[in-house]
Amino acid sequence: MEHWVQSEYARQFVHANHVDDAQVHFVGDYLQSAAHLRQMDAAASRQDIVAYNPKKGLEFTKQLMAAAPDITWTPIENMTAEEVHALLARAKCYIDFGNHPGQDRIPREAAAAGCCVITGRRGAAANDIDVPIPASYKFADDPSSIPAILDTIRTCLRDYDAHAHDFDSYRAMIAGQKAKFRRDVAAALPVRCDVPERQHVVLQNGPHTEKLLPALLQSGGIELIALWIADDADTAITAVQAGDRTLPTIRFSELAFLYQEGRIDAIVLDSADPPKDASRLKAAGIPETIFC
């Protein structure tokens, strides 16, 4: 019997029950809602809000709230996905002192939206694979930890810019989980297919676009679906003609949405400064870029 696990915590559990490692496949998951993986909002839009999930660790969270009534504590409840994203895009902190049965969704959404994430050490939060945040943001959910937790929260609220970058590696992991999921499934279910999978790409409009367009359109393994044009380009340009194809044009703000919805697989960079644009794309949650 083979076992698929979504987290290191689950792998440890299966291993502790004497299952051979050769029978265990790690198959993670990824955030399906593109709203949570859009580019982090600027710090100027942040408010001194601490968001929390009232369905997890509420008793301990109530103790924190009672000890710091001056802090704005906002529960995530009765909200649509867009409303959750709007809250997390404003909040500076997200706390979660409940049990973490795996790589939980809301902590990842919070980190991807730009929050500083502070957790307990229960379940998957105890290891640095499932919740790879610095140890200084993880605490035991014990009354003796309350002063230190509140001090960390206040520090994050006061110096958000400095602390937000402590979670960059966590955000990078989250941004790459969709591609990793595909690799995990392929490794767990090695299936050969006679029809090669076509990669859906967007081409950045740049100095070599006239030469790249026909080459990409003729490629058997690539399907070019749109042309990425500069944000300051004429708004009347909604499509371009490429041979017998009419390609829609899109702006930077649309790229992350299309990528996380699974409509595009990569961006073909045609840039005067490829490292700068690749870094910008990565920050927006798009790690797959092809340099030309």
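The values are calculated or read from the model by the stated rules, or taken from the named source; none is laboratory data. Because the structure is predicted, anything quoted here is derived from the model rather than measured. Ideal geometry is used to build each Cβ from the backbone, glycine not excepted, and the neighbour counts take in all protein chains shown. The area values use the complete protein model at the heavy-atom level, side chains included, leaving out ligands, DNA and RNA. Shrake-Rupley method; radii C 1.70, N 1.55, O 1.52, S 1.80 Å.
Table for the structure above
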| item | result |
| --- | --- |
| Lys/Arg +1, Asp/Glu -1 at C-beta; the chain dipole; positive extreme among Asn53, Ala66, Leu150 | Ala66 |
| Normalised contact order of region 1-153, rounded percent, pairs of Cα under 8 Å and 6 or more residues apart | 25 |
| Extension gain from Ala81 to Asp244, taking 0.36 nm per residue of separation minus the Cα-Cα distance | 54.7 nm |
| Label-point separation, Thr155 to Arg251 (7 Å along Cα→Cβ), nm | 3.9 |
| Rounded percent of accessible protein surface that carbon and sulfur make up, the chain, 1.4 Å probe | 54 |
| DSSP-defined antiparallel bridges as percent of all bridges, the chain, nearest 5 | 10 |
| FRET efficiency, 1/(1 + (r/R0)^6) with R0 41 Å, evaluated for Ala236 and Arg182 via beta carbons | 0.65 |
| Gain upon complete extension [Lys62, Leu217; 0.36 nm per residue less C-alpha separation] | 50.0 nm |
| For the chain, built as a Gaussian network whose Cα springs stay under 10 Å, the top-fluctuating residue of Ala51, Ala68, Ala110 | Ala68 |
| Rounded accessible area per residue of region 1-153, 1.4 Å, Å² | 46 |
| Total charge dipole magnitude, region 57-168, about the Cα centre, Cβ charges on Lys, Arg, Asp, Glu only, Debye to nearest 20 | 120 |
| Relative contact order for the chain, counting Cα pairs under 8 Å that sit 6 or more residues apart, in percent | 19 |
| Leading residue at positive end of dipole, the chain (Cβ point charges), from Ala256, Pro274, Pro107 | Pro107 |
| Calculated P(r) of region 1-140 - Cα pairs past 25 Å, % | 32 |
| Exposed GluC sites (Glu not before Pro) absent: longest stretch of the chain, with sites in DSSP loops and at most 13 other Cβ within 10 Å deemed exposed | 78-196 |
| Distance histogram in 10 Å bins (all Cα pairs of the chain, percent per bin) | 6, 24, 28, 22, 14, 5, 1 |
| Cβ-placed point charges (K, R +1; D, E -1), dipole of the chain about Cα centre in debye, nearest 20 | 180 |
| Spin-label model distance (nm) - Ser144 vs Arg263, 7 Å beyond Cα toward Cβ | 5.4 |
| Calculated [θ] (222 nm, deg cm²/dmol) that DSSP helices of n ≥ 4 give over the chain, each run adding -39,500 (n - 2.57) | -10000 deg cm²/dmol |
| Cα gyration tensor category, rounded, prolate or oblate, for region 202-278 with a/c compared to 1.5 | rounded |
| Inter-probe distance in nm under a simple model that places probes 7 Å from Cα toward Cβ, at Asp21 and Gln199 | 3.1 |
